[in-house]
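The block underneath contains the structure these notes are about, expressed in structure tokens.
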Protein chains: 4
Amino acid sequence: MSENSTRRVRRDGGTAAVVRRGRPTGDRAAKRAELLAAAASVIAQEGYANTSLRKVAQRAGCTTGAVTYYFANKEELVTALAESRFDSFDAMLATERSQPDIRAILERWLFRNTGDPEFWPVMSQLLVHARHEPAFAAVIERRYARLRDVLAALLATGQAQGTVRDDIPADLLADQVGALGDGWMLMLPIEPKRFTASRVQVLLDAAITLISPPPGARRTSGS
Amino acid sequence: MSENSTRRVRRDGGTAAVVRRGRPTGDRAAKRAELLAAAASVIAQEGYANTSLRKVAQRAGCTTGAVTYYFANKEELVTALAESRFDSFDAMLATERSQPDIRAILERWLFRNTGDPEFWPVMSQLLVHARHEPAFAAVIERRYARLRDVLAALLATGQAQGTVRDDIPADLLADQVGALGDGWMLMLPIEPKRFTASRVQVLLDAAITLISPPPGARRTSGS
Amino acid sequence: MSENSTRRVRRDGGTAAVVRRGRPTGDRAAKRAELLAAAASVIAQEGYANTSLRKVAQRAGCTTGAVTYYFANKEELVTALAESRFDSFDAMLATERSQPDIRAILERWLFRNTGDPEFWPVMSQLLVHARHEPAFAAVIERRYARLRDVLAALLATGQAQGTVRDDIPADLLADQVGALGDGWMLMLPIEPKRFTASRVQVLLDAAITLISPPPGARRTSGS
Amino acid sequence: MSENSTRRVRRDGGTAAVVRRGRPTGDRAAKRAELLAAAASVIAQEGYANTSLRKVAQRAGCTTGAVTYYFANKEELVTALAESRFDSFDAMLATERSQPDIRAILERWLFRNTGDPEFWPVMSQLLVHARHEPAFAAVIERRYARLRDVLAALLATGQAQGTVRDDIPADLLADQVGALGDGWMLMLPIEPKRFTASRVQVLLDAAITLISPPPGARRTSGS
DNA sequence: CATGAATGAGATTTCATTCAT
DNA sequence: GATGAATGAAATCTCATTCAT
């Protein structure tokens with residue numbers, strides 16, 4: 001128990017330091033989301049290894065005690081963060097599913113021009129850490145498998161429509177595209193200069209060419 | 001190549017160094033290599049975020065003092081480690097350059113069946129950290145560019161020989177293949193179960209198919 | 001790793017704050033003993049629950065870092081403390097073994113007039129904590145069993161000499177005497193007022209009477 | 001005692017407290033008792049040093065706020081707990097007073113076969129902490145003295161009936177028996193293996209023998 | 001040369017207590 | 001009356017780095 005006699009001095013005197021305490025009818029989920037955003041911001045900026053609960057708390061404008069009030073420990077925070085990132089990714093894919101424009105999907109997947117610019121920086125940090133945090137690796141495994149399934153389904157649709165080469169099974173193609181995305185995700189934050197807007201377009205074109213049916217083959221499938 | 005010899009103050013002035021004739025830096029280099037190996041081992045096992053100089057010292061069987069004696073600080077250790085990893089990678093590629101068997105190269109690159117099994121686990125850890133350690137990012141940028149050049153040259157040779165599709169410039173193709181490799185490197189330590197030997201073969205076949213000339217096109221280039 | 005750039009300002013200027021650092025040819029065992037003494041002192045004064053490594057360090061005049069340098073963690077510190085206490089107790093008993101004056105032994109055992117006045121206060125604190133620190137409970141079990149053996153041997157000698165009642169086996173008697181000692185050890189620090197010197201004498205006399213042969217029985221054994 | 005009635009907010013409609021006539025403190029007392037039981041459970045299981053208000057609250061199925069609402073602070077909780085334990089002990093002794101079967105009393109006292117199995121584990125934890133919590137030590141002193149008085153009275157009765165040796169004053173004997181009980185109470189949770197049912201019987205027999213009149217002496221008192 | 005004792009900061013986590021609601 | 005969000009201190013432990021020897 002270790003005697004914790006705080007017995008703090010009441011510094012209510014003056015207008016300064018109005019410590020907000022007690023029960024502000026907090027929306028637990030909202031506060032958690034707020035903390036997750038702060039955590040993402042810190043990780044994106046400083047990297048996973050340099051991220052501490054203290055920094056997250058500072059970024060969120062509260063004390064470390066508040067952070068551990070909402071997340072039992074660092075692992076839980078990080079796991080929740082991963083889940084939330086995948087959620088937003090899933091949401092993005094869901095909107096696409098109806099109209100499988102392969103190029104648009106790849107563009108979003110690979111370079112995520114839209115939405116959260118911190119997405120890949122955070123994701124890559126989390127991914128490499130996954131290996132050494134079992135509870136976290138489980139999340140990755142589960143959600144990544146789902147992503148690949150969605151991608152495979154999209155590619156299969158493309159194959160049926162003749163916009164995607166069909167000499168490679170859709171699931172294998174999904175794996176390749178997934179790896180491609182992971183690779184770019186990894187290098188993008190490290191070498192931002194390499195990935196200018198125009199270079200990204202060219203890379204995308206090349207990737208599309210890779211998975212498109214060869215000119216001759218398309219005709220064949222059409223005959 | 002990653003020779004950082006005599007970073008420290010060279011006190012050759014006294015009578016001390018007189019006794020040492022042969023390679024006085026030999027011991028030093030050997031000890032550094034030993035420490036680098038220990039560092040790689042710890043990083044591969046515990047991840048960058050959980051690696052401390054103390055653990056490296058323990059793994060190498062010496063004290064923390066020794067580590068900081070041979071490396072001015074942690075950053076220098078990590079940078080030297082990255083250099084040495086690239087050295088070994090370069091060596092691997094150099095042997096291949098004479099006989100550009102694309103499949104063999106990809107196999108080594110992507111799955112590195114031969115040699116150090118810690119290679120990718122360590123590399124991925126270092127890569128994601130690069131962003132937040134400027135001196136280290138510089139190393140990555142420089143060496144990675146060289147790797148892509150080598151790969152592009154290999155692919156260009158393949159294009160000339162008709163074994164690689166030529167509807168995409170070699171340098172763009174090298175970028176794609178590089179990203180593919182990075183992606184697999186990233187996921188391999190996280191989801192080892194996904195990468196069984198047979199799955200790796202299938203993935204490799206698919207990758208080869210992706211960069212191979214389309215059946216019709218090859219004939220065209222041959223005419 | 002979490003970037004720990006101390007890079008402290010060298011405050012060598014002036015005579016103040018001469019921080020002793022580096023390698024003072026420390027005698028590891030001596031330093032550990034010193035820290036154990038400090039720990040005993042804190043525990044005796046503040047109780048186990050209120051003892052922190054910080055307080056131990058302050059008492060020993062060093063930083064908490066120094067404490068954890070010599071003891072991997074709190075459990076190790078506490079276990080080592082228990083061992084050292086038992087060592088000193090064993091030493092006390094060893095000197096007695098040659099001349100088994102039951103009264104003197106009991107006096108020392110039960111009230112430990114000689115030697116470390118912190119002995120029982122510390123011991124009782126450690127004992128109650130043993131249950132919840134497995135590694136520690138093991139020490140207690142092992143050493144306590146030995147103590148009881150020694151005591152049983154002493155009592156057996158007394159029985160052979162006719163100074164101790166022999167209608168109860170020596171080992172059972174040792175258990176009783178041990179429990180008596182534990183009980184007093186427990187209450188002594190709590191109710192110091194109850195245990196005046198004269199009261200202790202009376203209690204001792206009563207205890208001696210309890211384990212002495214009854215007047216009639218002694219004659220019987222003497223015949 | 002573990003009455004969980006009206007745990008939640010009392011929604012008695014708009015009339016609120018008007019409905020409550022009888023003992024408005026009845027609920028309060030019940031809730032306090034419930035919390036005390038939870039506290040005892042936690043202390044028995046985890047030890048005093050590892051007990052926190054939070055754990056107590058969890059065990060009781062409420063929030064920390066509830067605990068500090070019913071008990072001004074931790075000290076008050078612990079003191080109330082001690083009082084309640086002594087109450088139950090007193091109750092046990094009271095039933096025995098009419099029929100002073102020394103063996104039965106000792107059995108209950110020393111090994112407390114009947115009733116709450118957490119009794120001694122909790123009591124020993126509280127006792128060693130008493131020294132460092134003055135308000136708490138006062139409780140111990142007062143109640144323990146009363147216990148010894150009761151025990152002394154019982155022993156005096158035994159002496160009058162010839163079932164207890166009378167060569168030692170009853171109050172001294174009570175002190176010895178009390179210490180014996182404390183000693184066993186202390187070791188019992190630590191070395192449960194030592195205290196098998198049969199061993200307990202043997203120890204009890206020995207203790208009875210210790211305080212029984214010697215064979216010769218009994219005859220003397222009978223003459 | 002090389003060691004390892006020691007530092008001081010910081011990380012994670014726990015905790016008793018407070019107080020707006 | 002009762003809750004539970006939040007605090008701020010402290011506890012344990014880890015770490016990169018320094019420096020006397």
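Look at (1) of a type outside the set (S, T, Y); (2) within 13 Å of another protein chain (Cβ to nearest Cβ); (3) within 16 Å of DNA strand F (Cβ to nearest atom); (4) not in a helix (DSSP H, G or I) and you find that B:V164 fails only one, number (3). D:H132 satisfies every condition listed in (1) outside any helix (DSSP H, G or I); (2) modelled with pLDDT of 90 or more; (3) at the interface with chain C (Cβ under 9 Å from one of its Cβ atoms) except (2). Among residues belonging to the stretch C:50-89 that are in contact (Cβ under 8 Å) with a residue 60 or more places away in the chain and farther than 29 Å from D:K74 by Cβ, point out the one that is nearest to DNA strand E (Cβ to nearest atom). Among them, the one singled out is C:E83. Anything in the stretch D:76-97 that is more than 16 Å from DNA strand F (Cβ to nearest atom) and acidic (D, E)? List them, or say none. If the condition is that a residue be more than 16 Å from DNA strand F (Cβ to nearest atom) and acidic (D, E), then D:E83, D:D87, D:D90, D:E96 are the ones that fit. Considering only the stretch A:185-207, state which residues are among the β-branched types (V, I, T) and either out of contact with any helix residue (DSSP H, G or I) (no Cβ under 9 Å at 6 or more places or on another chain) or not assigned by TED's automatic domain parsing to the domain that holds A:D116 (or both). If the condition is that a residue be among the β-branched types (V, I, T) and either out of contact with any helix residue (DSSP H, G or I) (no Cβ under 9 Å at 6 or more places or on another chain) or not assigned by TED's automatic domain parsing to the domain that holds A:D116 (or both), then A:T196 is the only one that fits. Of the listed requirements (1) at pLDDT 90 or above; (2) surrounded by 10 or more Cβ atoms within 10 Å (Cβ to Cβ), C:R11 misses just one: (1). Being at pLDDT 85 or above, within 25 Å of A:R131 (Cβ to Cβ) and more than 9 Å from chain A (Cβ to nearest Cβ) is a description that does not apply to B:F111. Quick one: would you say A:R103 is within 15 Å of DNA strand E (Cβ to nearest atom), charged (D, E, K, R), at pLDDT below 95 and surrounded by fewer than 18 Cβ atoms within 10 Å (Cβ to Cβ)? Criteria not met by A:R103. Beta carbons closer than 6 Å, at least 6 apart along the sequence or on distinct chains, pair a first residue in the stretch C:140-151 that is away from chain D (no Cβ under 11 Å) with a second that is assigned to a helix (DSSP H, G or I) for C:R143/C:F86; C:V150/C:L93; C:L151/C:A174.
The requirement of being at pLDDT 80 or above, away from DNA strand F (no atom under 14 Å from the Cβ), within 14 Å of chain C (Cβ to nearest Cβ) and touching a Pro at 6+ places or on another chain (Cβ under 7 Å) is fulfilled somewhere in the stretch D:44-53, by at least one residue. One residue is enough: does the stretch D:61-74 have a residue meeting the conditions at pLDDT below 95, part of a helix (DSSP H, G or I) and more than 13 Å from DNA strand F (Cβ to nearest atom)? No - not one qualifying residue is present in the stretch D:61-74. Looking at the stretch A:37-49, which of the residues that are more than 10 Å from DNA strand E (Cβ to nearest atom) and surrounded by fewer than 19 Cβ atoms within 10 Å (Cβ to Cβ) is nearest to B:V78 (Cα to Cα)? The extreme case among them is A:Q45.
The set of residues in the stretch B:155-169 that are over 23 Å from A:I208 (Cβ atoms) and either outside the structural domain of B:L93 (by TED's automatic domain parsing) or hydrophobic (A, V, I, L, M, F, W, C) (or both) contains only B:A160. Residues in the stretch B:167-191 that are part of a helix (DSSP H, G or I) and more than 9 Å from chain A (Cβ to nearest Cβ) were compared, and the one that is nearest to B:L106 (Cα to Cα) is B:V177.
The values are calculated or read from the model by the stated rules, or taken from the named source; none is laboratory data. None of the values given here were measured: they were computed from a predicted structure. Using ideal geometry, Cβ is built from the backbone for each residue, glycine included, and neighbour counts are taken over all protein chains shown.
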